[in-house]
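Notes to accompany the following structure.
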Amino acid sequence: MAFTFLASAGVASATTYPTAYLRQTDQLSLGDPAFNIPRCITRTIDLASGTYAWNKFITGVNLDTRLIWLGAGPYTWTVCNVLTTSFGRDYTITSYLTPRSGGTATSAVVATIPFNGSYTWGASLARTGD
């Protein structure tokens with residue numbers, strides 16, 4: 001297995017790695033059934049082995065951060081956003097990490113939007129230790 005969820009932060013690494021982002025900006029609407037279809041974005045990312053803070057966000061608000069240990073190598077990273085309630089205020093943001101060696105780690109969180117508008121949603125990965 002190439003990943004392990006951790007309960008606490010690791011020791012900071014002497015080497016610094018930039019935070020990676022996978023994000024998109026959309027017009028999100030309250031109760032519009034057109035938003036029932038998931039919107040997904042995908043990229044390939046090459047990671048060093050270590051502990052990562054895996055965050056999901058919407059318009060600058062950190063919704064959920066999980067610490068995860070990832071093995072070195074290329075990953076397919078996907079983030080999806082879908083309307084999840086009939087009232088149209090709740091969107092579920094789900095992030096997937098799939099190493100080339102197989103298996104998938106998944107992390108999801110619900111975001112409630114206060115009004116119609118332009119929202120930037122997505123996920124980030126920041127290496128926090130070895």
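No lab work stands behind these numbers, since they all come straight from the coordinates. The model shown is predicted, which means the values in this text are computed figures rather than measured ones. Because the Cβ atoms are built from the backbone with ideal geometry, glycine has one as well, and the counts that use them run over all protein chains shown.
Counting pairwise Cα distances across the range 15-60, what percent come out greater than 14 angstrom? Display every interim value, and only then the final one.
On the way: 673 of 1035 pairs.
Result for the distance tail: 65 percent.
Find the relative contact order for the range 87-130 and round it to a whole percent, using C-alpha pairs within less than 8 Å whose residues are 6+ positions apart.
Working: 40 pairs, mean separation 17.0, N = 44.
Over the range 87-130, the number comes to 39 percent.
Under a 5 Å amide H to amide H cut-off, with H placed in plane at 1.01 Å, what residues pair with L30 once short-range neighbours are removed?
Under 5 Å from the amide H of L30 lie the amide H atoms of N116, each far enough along the sequence or on another chain.
Summing Lys, Arg as +1 and Asp, Glu as -1, what charge do residues with Cβ under 10 Å from the Cβ of Y75 carry, Y75 excluded?
On the way: positive: R43, R100; negative: D46.
Charge balance near Y75 sits at +1.
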